[in-house]
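Quick notes on the structure that follows.
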Protein chains: 4
Amino acid sequence: MIKEGDTVQLKDRKNSFFVRLKKGEVFGTHKGNIYHDHIIGKQYGETVKTHKGNEFIILKPTLYELIMFGIKRQTQIIYPKDSAYITLKLGITDGMKVLESGIGSGALSIVMANAVKPSGKIYAYEKEEKHLKVAKENLELAGLDRYVSLFHHDLSEKLPEDYFDAAFIDVREPWLYLANVNSSLKRGSPVGFLLPTTNQVSRILESLSSHGFIQMEVKEILLRNYKPVPDRLRPEDRMVAHTGYLIFARKG
Amino acid sequence: MIKEGDTVQLKDRKNSFFVRLKKGEVFGTHKGNIYHDHIIGKQYGETVKTHKGNEFIILKPTLYELIMFGIKRQTQIIYPKDSAYITLKLGITDGMKVLESGIGSGALSIVMANAVKPSGKIYAYEKEEKHLKVAKENLELAGLDRYVSLFHHDLSEKLPEDYFDAAFIDVREPWLYLANVNSSLKRGSPVGFLLPTTNQVSRILESLSSHGFIQMEVKEILLRNYKPVPDRLRPEDRMVAHTGYLIFARKG
Amino acid sequence: MIKEGDTVQLKDRKNSFFVRLKKGEVFGTHKGNIYHDHIIGKQYGETVKTHKGNEFIILKPTLYELIMFGIKRQTQIIYPKDSAYITLKLGITDGMKVLESGIGSGALSIVMANAVKPSGKIYAYEKEEKHLKVAKENLELAGLDRYVSLFHHDLSEKLPEDYFDAAFIDVREPWLYLANVNSSLKRGSPVGFLLPTTNQVSRILESLSSHGFIQMEVKEILLRNYKPVPDRLRPEDRMVAHTGYLIFARKG
Amino acid sequence: MIKEGDTVQLKDRKNSFFVRLKKGEVFGTHKGNIYHDHIIGKQYGETVKTHKGNEFIILKPTLYELIMFGIKRQTQIIYPKDSAYITLKLGITDGMKVLESGIGSGALSIVMANAVKPSGKIYAYEKEEKHLKVAKENLELAGLDRYVSLFHHDLSEKLPEDYFDAAFIDVREPWLYLANVNSSLKRGSPVGFLLPTTNQVSRILESLSSHGFIQMEVKEILLRNYKPVPDRLRPEDRMVAHTGYLIFARKG
């Protein structure tokens, strides 16, 4: 049964809206208003009508859909092809304390927060206040804000020592903060980076070596979509060719 | 603190072993025996000595490492590049009831079991008894067996109706079982398939249409590794070119 | 020294024009008129002025540039990544008689015509008159029209027997014409196809088998461009993900 | 009709040999000896018997087959996916004077020599004598040696000025020779490089800029093979993931 605080996907033939439910509130669409109270108490798969009588089906959004279609994007986001892999590669799971910085629009934070719940936490450092605000809204929409502690700061702030079980760093010059990140990690903990240029990859690899990190790996993930037509099956004409290189290591 | 039931990674310069700890047991290596009791109570990052005095470091393995290096492989496994994406795309999360069949060596089951814990469950159907046995051992190694119900059966067995929140089907002829899978899913639930040939992709797309599924998508994920040498950065010479096509849909 | 009949590239900072030179003619640009006679007799690398005094540098265009930037495109063209490979794979070289159909805008015809010159010939069958007209203009621009015989016909027209040294077929249903193509090829001759969908690939493979062709191969070629910035080297954000599958075989 | 000096492919069910024909010579196989004189005068597609009575079919090899299966490989070769593209991108055609260095086993030299014939020439600089020897044999096998002038020298030797129409450089540190290459090229001429690491790519881009080259481009080409089975069509399991980055520019 759908309850207050849930985020639902409202879908008609052309549109798809993602709404977090709160008693008494109204969601306005160009097809009319939808009262949250008309949704609360229903089952997923049922429909709701606007005050103009137009019908929307109520679906339970996957995190994937929330990230791809629901969240506000103020920055380039980390896409599911990368965020799913990062989260598995870093071994993010229930109970872990995970350092993340910067967080941009929070697309990776959502995936990692879902992985550490119920007893873990993401410690998210972001120096841009406007990103922090958007990330907070997006985490609320995903219903995962309680698993993320947001800090309006970059990584030059002294981090707690021997504290984190894993870290993911997505900033332009991660080598500037590597000593701080290193001392904040427990021994053996995995760390990841996303960097768009080969020059940055070379530089972080050097820096990782000089700080005693081990097991360095560099990867890229390519996702290719096909037109799902059974008798004319073929890849789509164009694809995303690059989001970033993924670099992984462990504290030595 | 490391406790009984945990799976640890024992690592020296050349070897890496994955061991689930049980009081009183002994793990034999070519460098001597290691007593589980010598590990229980230590911290990750500490070392343990064999009876011959050789030292191993005790690390907490990530699920990624367990899947890539720890589990027994009796079949082609679903690799992390795919299993991480599948799990996010299907929206697998705490509390969900997920249908999986076949399960092979259980590599995907491990990732999905980790995602549904603590209150959800994977319902894993596998017709080959020898696979089932290996999958069970692998799930135990990962400490996730309690989140998976194993059934020695293929999908021709009548499934409970309107029951599952998601499904992933990795069998040669999934269209044979699609009516059964369809009726077992709750309305709007996501379903995924892995199929190696384009002919199978065409066939399942047709079958999905005729059973009223919606939002069909076909994808493939390519992972490219680089040699992590800062001043000679380059992709590795060879890569895995194909594991399988991923097909996703929702019950309409 | 540049002479009548040559195709030159006229380039300023923003524009690039491809012009086949003819005595007495004038080429109009938004920066003023350029007299062909002012170009004839010059060397590549020199400049020419419009009647308004604006300067253009005169370059010798490569076939690559002509195909990518110079020719009229009335159809999806076969790109250099594919046309170069096709031409080498089919062993197209001086003196060969090559069957091609359809030819679209002639982008592949240009590459193959350049390869068979001076003593070979492309026999180009195209059923669409408007394509034929554009292809002819494009071949003239490339200065290669004399090496191509154009036929306004599809492959249902009876072809000469035991005649061609190679063939490339780019039509929607090539299996309809395979008996005709087969009998027109000399024994052992290579043949190629470009087909966008996997269903077509399966169908032509079946048809090739049943007509006794040997050495079937299926390939696809992906081209990834990088931003050529030395200190921020990275792939471009997006790429062409699919032009078509290339299928090769030999007459058995 | 097959004549002396032609290179033929001799093929039975299991083997494929590439032989350049010379009157009076004998080619030994494990199935018996084949007299060149028994081949000369025949047509392609006919068969020849060994002295033990075993039959081979006589085929005209494509350059592609010669490169992939016929030539001796003493070095990593430039594969057809790259050599075909390089040749088209550089605009190599009849009559051009082309600089190449190093040439390794001559796989690219063969493709470019075929493109400049009959009136052009490849000027091939190679510092390793053993490579030069193998490249010479390979060019002879391809029947293209007359279009290539081989120089036992690296690019530190002063090149003729304002002389070449195009250049392709495949050496470890091409920036060392760029001033020399630059002055040897005619204005506007295209130049290409193959480099395996991103660091080398960055370095040559910098060097190209500082020497006044224009229109820099960086590309990589991926070739994916499929299993040609009509009812089980799928990519092969593994592929070559990297041969090298291709860098192109023009003399400014």
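Readers should treat all values here as calculations from the given coordinates under stated rules, not as data from a laboratory. Just so it is clear, the structure is predicted and the values come from calculations on it, not from any experiment. Glycine gets a Cβ as well: all are built from the backbone with ideal geometry, and neighbour counts include every protein chain shown.
Given all pairs of different Cα atoms, what value in angstroms does the Kirkwood hydrodynamic radius of the range D:125-186 take?
Working: mean 1/r = 0.0786 Å⁻¹.
This gives a value of 12.7 Å.
Using a basic spin-label model with each label point 7 Å from the Cα along Cα→Cβ, how many nm lie between D:Lys133 and A:Tyr35?
Between D:Lys133 and A:Tyr35, the label points sit 9.4 nm apart.
How big is the charge dipole of chain C about its Cα centre, in debye rounded to the nearest 20, if each Lys and Arg gets +1 on its Cβ and each Asp and Glu gets -1 on its Cβ?
Details: 37 positive and 30 negative charges, 135 e Å.
Result for chain C is approximately 640 debye, rounded to the nearest 20.
Anything over 23 Å Cα to Cα? Flag those among C:Lys89/D:Lys11; A:Lys60/B:Lys89; A:Lys127/B:Lys81; C:Lys97/C:Lys130, in the order listed. Display every interim value, and only then the final one.
On the way: C:Lys89/D:Lys11 18 Å; A:Lys60/B:Lys89 13 Å; A:Lys127/B:Lys81 31 Å; C:Lys97/C:Lys130 25 Å.
Cα-Cα > 23 Å for A:Lys127/B:Lys81; C:Lys97/C:Lys130; rest within.
Between the range C:80-118 and the range A:170-223, how far is it from one alpha carbon centroid to the other, in angstrom?
48
Dipole magnitude of the range A:156-247 about its Cα centre, charges +1 at Lys/Arg Cβ and -1 at Asp/Glu Cβ only, in debye to the nearest 20? Walk me through the intermediate numbers first.
Details: 11 positive and 12 negative charges, 71 e Å.
Using only the charged Cβ atoms, the result is roughly 340 debye.
Averaged over its residues, how many other protein chain Cβ atoms are within 10 Å of peptide D:239-249's Cβ atoms?
On the way: counts 6, 5, 13, 10, 2, 2, 6, 2, 2, 3, 1.
Per-residue shielding by partner chains comes out at 5.
In a solvent-free Debye calculation with one equal scatterer on each Cα, what is log10 I(q)/I(0) for chain A at q = 0.09 Å⁻¹, listed in the order of the q values?
-0.47
For chain B, modelled as a GNM with alpha-carbon contacts under 10 angstrom, which of B:Arg224, B:Arg20, B:Arg146 fluctuates the most?
B:Arg224
To the nearest 500 deg cm²/dmol, what mean residue ellipticity at 222 nm is calculated for chain D from DSSP H runs of n ≥ 4 alone, each contributing -39,500 (n - 2.57), summed and divided by the residues? Kindly include the intermediate steps, with their values, before the conclusion.
Numbers: 6 runs with 57 residues, N = 252.
Theoretical 222 nm ellipticity from helices: -6500 deg cm²/dmol.
With only Lys, Arg, Asp and Glu charged, each at its Cβ (+1 for the first two, -1 for the last two), find how big the charge dipole of the range B:7-61 is about the Cα centre; round to the nearest 20 debye.
On the way: 11 positive and 5 negative charges, 24 e Å.
Value, rounded to 20: 120 debye.
Starting from the exponent 0.38 and prefactor 2.2 Å, build the expected Rg for the protein assembly as shown from its residue count and divide its actual Cα Rg by it.
1.05
Straight-line reach only, C-alpha to C-alpha below 12 angstrom: list the aspartates and glutamates that A:Lys219 could link to, leaving out same-chain residues fewer than 8 apart.
Straight-line reach from A:Lys219, under 12 Å: A:Asp82, B:Glu236.
So which aspartates and glutamates can D:Lys14 reach, going by Cα to Cα under 13 Å and dropping same-chain residues fewer than 8 places off?
Hits, sequence-local ones excluded: D:Glu55.
Straight-line reach from A:Lys136: which aspartates and glutamates have Cα under 17 Å away, leaving out those fewer than 8 places along the same chain?
Within reach: A:Asp6, A:Glu100, A:Glu126, A:Glu128, A:Asp145, A:Asp154.
Using a Förster distance of 41 Å, how high is the FRET efficiency between A:Asp162 and B:Ser183, based on the Cβ-Cβ distance and rounded to 0.05? Write out the running numbers ahead of the final one.
Details: r = 53 Å, r/R0 = 1.28.
Efficiency computed from Cβ-Cβ geometry: 0.20.
Which angle from 0 to 90°, rounded to the nearest 10, does the C-alpha axis of helix D:80-89 make with the longest principal axis of chain D?
With both axes taken from Cα atoms, the answer is about 50 degrees.
Considering the options B:Ile39, B:Ile78, B:Ser105, tell which one lies farthest towards the positive end of the dipole of the range B:1-139, charges being +1 on Lys and Arg and -1 on Asp and Glu at the Cβ, about the Cα centre.
Highest projection toward the positive end goes to B:Ile39.
Can you give me the angle between helix A:129-141 and the longest principal axis of chain A, using Cα atoms only, in degrees from 0 to 90, rounded to the nearest 10?
Relative to chain A, helix A:129-141 is tipped by roughly 50 degrees.
Give the long-range amide H neighbours of D:Lys22: residues separated by 5 or more places, or on another chain, with amide H under 5 Å away, using H modelled in the peptide plane at 1.01 Å from N.
Sorted by chain and number, the residues that satisfy this are D:Gly5.
In nanometres, what is the gap between the two model label sites at B:Asp237 and A:Glu206, each 7 Å from Cα along Cα-to-Cβ?
Here the answer is 2.8 nm between the modelled labels.
For the range D:163-179, just list the computed ³J(HN,Hα) in residue order, Karplus coefficients 6.51, -1.76 and 1.60, θ = phi - 60°, integers in Hz, with x standing in for Gly and Pro.
The phi angles translate into 10, 8, 8, 6, 8, 10, 10, 10, 10, 5, 10, x, 4, 5, 10, 5, 4 Hz.
Say the cut-off is 22 Å between C-alpha atoms; which of A:Lys23/B:Lys251; B:Lys3/B:Lys31; C:Lys72/C:Lys133; A:Lys158/A:Lys186 go over it? Walk me through the numbers before you get to the answer.
On the way: A:Lys23/B:Lys251 29 Å; B:Lys3/B:Lys31 24 Å; C:Lys72/C:Lys133 11 Å; A:Lys158/A:Lys186 15 Å.
Table pairs above 22 Å Cα-Cα are A:Lys23/B:Lys251; B:Lys3/B:Lys31.
Divide, for the range C:7-61, the radius of gyration over alpha carbons by 2.2 N^0.38 Å, where N is the residue count. Write out the running numbers ahead of the final one.
On the way: Rg = 9.8 Å, N = 55, 2.2 N^0.38 = 10.1 Å.
Normalised Rg, Cα atoms only: 0.97.
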